[in-house]
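The block underneath contains the structure these notes are about, expressed in structure tokens.
The values are calculated or read from the model by the stated rules, or taken from the named source; none is laboratory data. A quick note: this is a predicted structure, and the numbers were derived from the prediction, not measured. Quick reminder, even Gly has a Cβ in these numbers, built from the backbone with ideal geometry, and neighbours come from all protein chains shown. For the accessible areas, the whole protein counts, side chains as well, though only heavy atoms, and no ligand, DNA or RNA atoms are used. Shrake-Rupley method; radii C 1.70, N 1.55, O 1.52, S 1.80 Å.
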Amino acid sequence: MSVKPIKMPSATKDSTILKIAVEMLNAPDKVPQLIEFDQSQPLSSIIQLLCKAWGLPDPTNYALQFSESNNQNYITEKNRNEIKNGSVLRLEQSPAKTVQDILTKINTGTDSEQTQALTKLSTVSSDLTFALEFINKKGLSLIISNIETGKFKGTALKYALVTFVELMDHGIISWDILENQFINKVVSFVSNQTNTQDPKIIQSCLSILENIVLNSSGKNSHVEKEITIPSLISHLENSDRIIQQNAIALINAIFLKADMTKRKTIAATLCSKQVRNKIYENLITENVSKETSVTELAHQLYVLQTLTLGLLEPRMCQRADSQEQESQEKIKELRKYAFENDANTNIEVTTRRQTGSLSKDFKKLGFKCEIDPIKDFNETPPGVLSLDCMLYFARNYREDYTKIVLRNSCRPDELECPFGKTSVELVKLLCEILLIGEAPSEQGQTYHPLFFTHDHPFEELFCICIVLLNKTWKEMRATTEDFVKVLSVVREQITRALAAAPKSFDKFRQKVKELTYNEITHLWQQERTNREVWESHAKPIVELKEKITPEIIDLIQQQRLGVLVGGTRFKKYLKINRKDKFWFVRLSPNHKILHYGECDEKSTPSLEELSTKLAVADVKCVVVGKECPHMKDLKGKISSPHLAFSLILKAAEVPSLDFVAPDEQIFDYWTDGINALLKEKMTSKSFDNDLETLLSMDIKVRLLDAEGIDIPQNPPQIPPEPEDYDFYYENN
């Protein structure tokens, strides 16, 4: 396709000139124009010149648009700076002209023209410039009126509802403008379960109702009155994923805006086995198996889980009252399940009252306050929620409950894992892990499928975890002083098991059984090692190592020379084996002279007492092992030839100074020290180990401020310099 150039007026600044192409769709006779777009020139002037080149009358009826697939918005004075060199723009009808044509077709056109206009309207309504113009021309009011009165049918209704959602999403108009008649009409579309209804209609209506509930100041109560939770539950069985997520989003919105009484009613409906099965089978099982993105659906399930668990917050924040009969009865029931048999309940109760052993029972139950256990539940969180969970455990898992209580009551006090105290701390821990009491976040997507499989998911989770805690306590051989350590391991076991997204509580129970204390410590060590290995290969760490290695080598060298200055006693090996002879060698503080001489087995001669001297400058090199001259002379008489080393001298009269180190460390230190004096590389195993250890420690200390921050394998790329530095700033 040929491009017709058009000359624009010259600009005052080259930086404001962009070279772009402009095309006109549905106009094959209009050849695209290649122009110089001057950012300092008004848009109206540029459009006027384009219209003149194409022979188009009345430039006020035209506007420029972006032509990218993800951006076809009108170009205005505010967003014109998004235009880049090489962009392809489109000359289209102006928003005012487009609005006028669409309104005419909606009001007076045929059914076909009306549908065509609404189809286009549903697309262009996402553009803010168009939306403002359409709303100002009473277009939104017309759409609302025609939906209320039922004028739009079929395809026209579908696009009218899509248009309404797009226009309201701009936030230009308040949701409070909607009357009950409009809401009732939208509800009727949602309640209509006929298969002939277009899915787009249901999607849009569910979205509209959700926005009314969340964003209107007084209309949410009317929506709650007109639509029932069961009618929304039925939409969860729809095969359309958008309908499913919009339905659950509306349920969440109603749940969020309801008072505590209504929330409990809604929760009772949602937690019923029939509804839970629908949610689990249609939203969790089905969508997990699909490859399509389920991000929004995962978010809505997370919100539903958060709101449902949030019903526990009042109990979590409620302190126990010593005068409250309900809590007192629950504590008595805990004692009864632990110590009283059904056959002799009355005898036991009478005996215990006579002997005054209630406080002893409360001590065996692991309460901190044996005289008045109700005080154990004064801390919030977890408040009386922990008492609720303990009683649930005692009622539903009586065998496990009695085992835990009686087993711990038989242990010494320092080894006891007190049921009461650990239960309170465990409930507090579970509340922290599950963020109970916190509002749902906008980005949250983590939900736990097993919570949609039980009537009392939190209490059931507690029952599994209290058994786990006692098992871990035993594995760690913990004492009362290790309480915090045990809880940290249990936290890790619970969070790792939940992260595996088990589909049921049985699978969760199996997972935590696998995550023993030994397994957790192994995983911690492995992760720490993997992180260190990963970080050690990251380019920033490699560069840091290269920078500090010379400093570490110098530090090791100073330590080796310090050993030489301190001196070492060596056995004196001669051709005639005289093991009672020793000699002592030490380096002068200025590192220039080696002083040596004979000594006995226990003495440490001073520098002045060592009569023989050897200048370091006279040492040619150091050799080790079988290469040493004295190893060749002694012919295997030394049991540790690998500890032998010799200083080869430059003077012919004394060819070498020969040593056999008492152990490997002295051997490494002396050979490294001599090499350091000779300006040679230190090569011992001790040097390699010391270098690696000190490098690792130094890097860890330097990275303390970056703890918990993932270090990238490669540093981020430096962005290229801009074409010019004449930046544009817009003051809003």
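Quick one: H642 ticks every box in (1) assigned to a strand (DSSP E or B); (2) over 20 Å from Q558 (Cα atoms); (3) open to solvent by 40 Å² or more (accessible area, probe 1.4 Å) except a single one, so which number is it?
(1)
Looking at segment 552-577, I want the residues that are open to solvent by less than 80 Å² (accessible area, probe 1.4 Å) and have a partner that is basic (K, R) and modelled with pLDDT under 90 with Cβ atoms under 6 Å, at least 6 apart or on another chain. Which pairs are those?
Taking only residues 6 or more apart or on different chains, the pairs are K572/K581.
Determine which member of the set K97, K30 is within 23 Å of V162 (Cα to Cα) and outside any strand (DSSP E or B).
Result of the check over K97, K30: K97.
Do you know which residues across segment 604-631 are loosely packed, with under 12 Cβ neighbours inside 10 Å and under 28 Å from H642 (Cβ atoms)?
Answer for segment 604-631, where residues must be loosely packed, with under 12 Cβ neighbours inside 10 Å and under 28 Å from H642 (Cβ atoms): just K626.
Yes or no, residue by residue, for (1) buried (at least 17 other Cβ atoms within 10 Å of the Cβ); (2) at pLDDT 90 or above; (3) not basic (K, R):
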{"residue": "K225", "(1), (2), (3)": "no, no, no"}
{"residue": "I243", "(1), (2), (3)": "yes, yes, yes"}
{"residue": "K262", "(1), (2), (3)": "no, no, no"}
{"residue": "T269", "(1), (2), (3)": "no, no, yes"}
{"residue": "N277", "(1), (2), (3)": "no, no, yes"}
{"residue": "I284", "(1), (2), (3)": "yes, no, yes"}
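Being in a loop (DSSP other than H, G, I, E, B) and within 16 Å of V563 (Cβ to Cβ) is the filter here, so list the residues in segment 591-609 that pass it.
H591, T604, L607
If we scan segment 212-231, do we find a residue that is closer than 19 Å to T163 by Cα and part of a helix (DSSP H, G or I)?
yes
Given (1) over 30 Å from T228 (Cβ atoms); (2) among the β-branched types (V, I, T); (3) part of a helix (DSSP H, G or I); (4) under 39 Å from the mean Cα position of the chain (by Cα), where does I172 come up short, assuming only one miss?
All conditions pass for I172, except number (3).
Restricted to segment 657-678, and to residues that are part of a strand (DSSP E or B) and of a type outside the set (A, V, I, L, M), which residue is surrounded by the fewest Cβ atoms within 10 Å (Cβ to Cβ)?
Selected residue: D658.
In the list K273, K225, K278, K257, which residue meets the criterion of being without any contact (Cβ under 8 Å) to a residue 12 or more places away in the chain and out of contact with any Cys (no Cβ under 6 Å at 6 or more places or on another chain)?
Every option except K225 fails the conditions.
Against the condition open to solvent by 10 Å² or more (accessible area, probe 1.4 Å) and more than 15 Å from G310 (Cα to Cα), how does E438 come out, does it pass?
Criteria not met by E438.
Looking at (1) open to solvent by less than 30 Å² (accessible area, probe 1.4 Å); (2) over 24 Å from L312 (Cβ atoms); (3) not in a helix (DSSP H, G or I), which is the one condition that is false for P502?
(2)
Residues being under 22 Å from G310 (Cβ atoms) and buried (at least 23 other Cβ atoms within 10 Å of the Cβ): count how many of those fall in segment 358-387.
Result for segment 358-387: 7.
Quick test for you: out of K581, K681, pick the one residue that is at pLDDT 90 or above, out of contact with any Phe, Trp or Tyr (no Cβ under 6 Å at 6 or more places or on another chain), at negative phi and open to solvent by 40 Å² or more (accessible area, probe 1.4 Å).
K681
Is there a residue in segment 319-332 that is modelled with pLDDT under 85 and open to solvent by 50 Å² or more (accessible area, probe 1.4 Å)?
yes
Would it be correct to say that L469 is touching a residue at least 24 places away in the same chain (Cβ under 8 Å) and closer than 21 Å to D400 by Cα?
So L469 passes the test.
Pairs please, first residue from segment 449-464 and farther than 13 Å from L385 by Cα, second anywhere and outside any helix (DSSP H, G or I) and among the aromatic types (F, W, Y), Cβ atoms under 7 Å, 6+ apart in sequence or on different chains.
Pairs that qualify, where the first residue is farther than 13 Å from L385 by Cα and the partner is outside any helix (DSSP H, G or I) and among the aromatic types (F, W, Y), are C463/Y397.
Among (1) over 35 Å from the mean Cα position of the chain (by Cα); (2) open to solvent by less than 60 Å² (accessible area, probe 1.4 Å); (3) at pLDDT below 90, which single condition is L236 missing?
For L236, the failing item is (1).
For (1) under 21 Å from L435 (Cβ atoms); (2) open to solvent by less than 30 Å² (accessible area, probe 1.4 Å); (3) not in a loop (DSSP other than H, G, I, E, B), each residue gets a yes or a no:
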residue	(1), (2), (3)
H454	yes, no, no
F462	yes, yes, yes
L468	yes, yes, yes
A478	no, yes, no
Q493	yes, yes, yes
L498	yes, yes, yes
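Do we find a residue being of a type in the set (A, V, I, L, M, F, W, C), open to solvent by 10 Å² or more (accessible area, probe 1.4 Å) and without any contact (Cβ under 8 Å) to a residue 40 or more places away in the chain anywhere in segment 406-426?
Yes: one or more hits.
As an exercise: evaluate A63 against (1) within 21 Å of V99 (Cβ to Cβ); (2) open to solvent by 70 Å² or more (accessible area, probe 1.4 Å); (3) modelled with pLDDT of 90 or more and give the number of the one condition it does not meet.
It is condition (2) that A63 fails.
Could you say which residue among S126, S141, S112, S122 is without any contact (Cβ under 8 Å) to a residue 60 or more places away in the chain, part of a loop (DSSP other than H, G, I, E, B) and either open to solvent by 40 Å² or more (accessible area, probe 1.4 Å) or not aromatic (F, W, Y) (or both)?
Checking each option against the conditions leaves just S126.
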